[in-house]
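Asks: Have a look at this one before I ask anything.
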Amino acid sequence: MENNRKYRMDQDTFSDTAIRTFVQAVLDGKVKPHLMSAEPPEDWDARPVKVLVGKTFEQVAFDETKNVFVKFYAPWCSHCQAMAAAWEELGERYKDHEDIVIAELDATANELENITIKGFPTLHYFPAGPGRKVGGGTHGATLALQEEPNMGLHTLLLSLARSL
């Protein structure tokens, strides 16, 4: 296996046979991975930057009528913390656009089946239109963000947003 997926046995008793059967089912793709998800906050969509969790991600990100720009972050990440004010400003700038959603997801508390986050922050843009979730993967653009040496984070974000 070349991913960090976790699988949970549903059986109460563990025996050699049960474990072998479970492992074979995982290898055959018959068992869905166990994915962490925080509970969605009641006010997840009250702010300009929408707060996504594993349980609500697909409903928002794969809405074909909207352009969705998601920041995957870790609360302890200094790059993510430095980016927070600019991301909020981006949300403010587009809050009145019905077809644009600026969102964030704590990737340390939420896992997604078809998106693996390898660094923080990671930005993923899901353009409006059909075919966002095709063949077990996703269509869109991903950017593992590292600040450009000659461009401030705020300027970089705003230049990315102009392409929305």
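The values are calculated or read from the model by the stated rules, or taken from the named source; none is laboratory data. Quantities reported herein were computed from a predicted structural model and do not represent experimental measurements. For neighbour counting, all protein chains shown are included, and Cβ atoms are generated from backbone atoms with ideal geometry for every residue, glycine included. Quick note on the areas: whole protein, heavy atoms, side chains included, nothing else; ligands and nucleic acids left out. Shrake-Rupley method; radii C 1.70, N 1.55, O 1.52, S 1.80 Å.
Asks: Based on this model, can you work out whether ASP96 counts as without any contact (Cβ under 8 Å) to a residue 12 or more places away in the chain and either in contact with a helix residue (DSSP H, G or I) (Cβ under 9 Å, 6 or more places away or on another chain) or surrounded by 14 or more Cβ atoms within 10 Å (Cβ to Cβ) (or both)?
Replies: No.
Asks: Looking only at the range 8-30, decide whether some residue is under 18 Å from ALA109 (Cα atoms) and among the hydroxyl-bearing types (Ser, Thr, Tyr).
Replies: No - not one qualifying residue is present in the range 8-30.
Each row is one residue, and each column tells you yes or no for (1) without any contact (Cβ under 8 Å) to a residue 40 or more places away in the chain; (2) in a helix (DSSP H, G or I); (3) among the basic types (Lys, Arg); (4) surrounded by 13 or more Cβ atoms within 10 Å (Cβ to Cβ).
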{"site": "PHE14", "(1), (2), (3), (4)": "yes, no, no, no"}
{"site": "THR17", "(1), (2), (3), (4)": "yes, yes, no, no"}
{"site": "ARG20", "(1), (2), (3), (4)": "yes, yes, yes, no"}
{"site": "GLN24", "(1), (2), (3), (4)": "yes, yes, no, no"}
{"site": "GLY29", "(1), (2), (3), (4)": "yes, no, no, no"}
{"site": "ALA38", "(1), (2), (3), (4)": "no, no, no, yes"}
{"site": "ASP43", "(1), (2), (3), (4)": "yes, no, no, no"}
{"site": "ALA46", "(1), (2), (3), (4)": "yes, no, no, no"}
{"site": "VAL51", "(1), (2), (3), (4)": "no, no, no, yes"}
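Asks: Which of the residues belonging to the range 102-119 are open to solvent by less than 20 Å² (accessible area, probe 1.4 Å) and farther than 16 Å from LYS55 by Cα?
Replies: Correct list: ILE102 only.
Asks: A further question follows. So, in the range 70-85, of the ones that are assigned to a helix (DSSP H, G or I) and open to solvent by less than 10 Å² (accessible area, probe 1.4 Å), which residue ends up farthest from PRO40 (Cα to Cα)?
Replies: Ranking the candidates gives MET83 first.
Asks: Quick one: PRO130 ticks every box in (1) out of contact with any strand residue (DSSP E or B) (no Cβ under 9 Å at 6 or more places or on another chain); (2) touching a residue at least 24 places away in the same chain (Cβ under 8 Å); (3) open to solvent by 50 Å² or more (accessible area, probe 1.4 Å); (4) within 28 Å of ARG8 (Cβ to Cβ) except a single one, so which number is it?
Replies: With (1) out of contact with any strand residue (DSSP E or B) (no Cβ under 9 Å at 6 or more places or on another chain); (2) touching a residue at least 24 places away in the same chain (Cβ under 8 Å); (3) open to solvent by 50 Å² or more (accessible area, probe 1.4 Å); (4) within 28 Å of ARG8 (Cβ to Cβ) applied to PRO130, the lone miss is (4).
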